[in-house]
1. Please work out the FRET efficiency for the pair SER119 and ARG46, using the Cβ-Cβ distance as r and a Förster radius of 25 Å; give the result to the nearest 0.05.
2. Roughly how far apart, in whole Å, are the Cα centres of the stretch 1-66 and the stretch 70-132?
3. Just name one of LEU105, GLY138, ASN54: the one whose Cα is farthest towards the positive end of the charge dipole of the chain (beta-carbon charges, Lys/Arg +1, Asp/Glu -1).
4. Expected output is a single nm value to one decimal: the length gained when fully extending between GLU99 and ALA143, i.e. 0.36 nm times separation in residues minus the C-alpha distance. What is it?
5. Among the lysines, select those whose C-alpha is under 26 Å from the C-alpha of LYS116, and discard any that sit fewer than 8 residues away in the same chain.
6. Mind checking which of VAL152, VAL62, VAL103 has the largest fluctuation in a GNM of the chain, springs on alpha carbons under 10 Å?
7. Based solely on its DSSP helices, what 222 nm [θ] is calculated for the chain when runs of n ≥ 4 H residues each add -39,500 (n - 2.57) and the sum is averaged over all residues, nearest 500 deg cm²/dmol?
8. Using a simple spin-label model with points 7 Å from Cα along the Cα→Cβ vector, what separation in nm is obtained for ASP156 and ARG79?
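None of the figures in this text is laboratory data; all of them are computed from the coordinates on show. Predicted, not measured: the structure shown is a model, and the values here were computed from it. When we count neighbours, we look across all protein chains shown, and the Cβ atoms used for this are built from the backbone with ideal geometry, even at glycine.
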Amino acid sequence: MNTISIDIRRAEPRDADAIADVHHEAWQGAYAGIIPYKALTSMIHRRGTSWWSNAIKRAASVLVVEIGGEVVGYATLGRNRARELPQEGEIYELYLRPEYQGVGLGSRLFKAARDKLASHGLSGLVVWALEENTNALGFYEGAGGRDVAEGVEVFDQKALRKVAFVWD
């Protein structure tokens, strides 16, 4: 019998290549057909191995979820950037490789990210999701988030609505 470990830990510089791969696959899966092709491709290619390596070295809070030593997801988090919302913490990104979605790993990574923010003394949480990303909306609603605000992101002159979910 083989035992496969699932670990959630702080990202290290050696994880940059794997995170870049997860980012590429997850964003293609989540946003193809939502964000215009040219903008999406450009955004994905900007976030390659060196970008992630620098983000990790700059002390950005990046967590990874690892299965049997393979990085299959990541989350980035920190202080809330939306001044109009009172929650202090924000999860900027939470993504898994498409084949690992829907089996509870996202929930475990989400909890670890919330715990990390709380350990830094940040109370409350906000997460933004594009309105057309129905998987994300369902995930955050299922995690108990309250839809409290809306905004707009523009990609190649296409305006997309985004929703803020909060937890107190």
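1. 0.25
2. 14
3. Final value for the positive-end residue is ASN54.
4. 13.8 nm
5. LYS57, LYS162
6. So, out of VAL152, VAL62, VAL103, the one fluctuating most is VAL103.
7. It lands at -11000 deg cm²/dmol.
8. Label at ASP156, label at ARG79, 3.5 nm between them.
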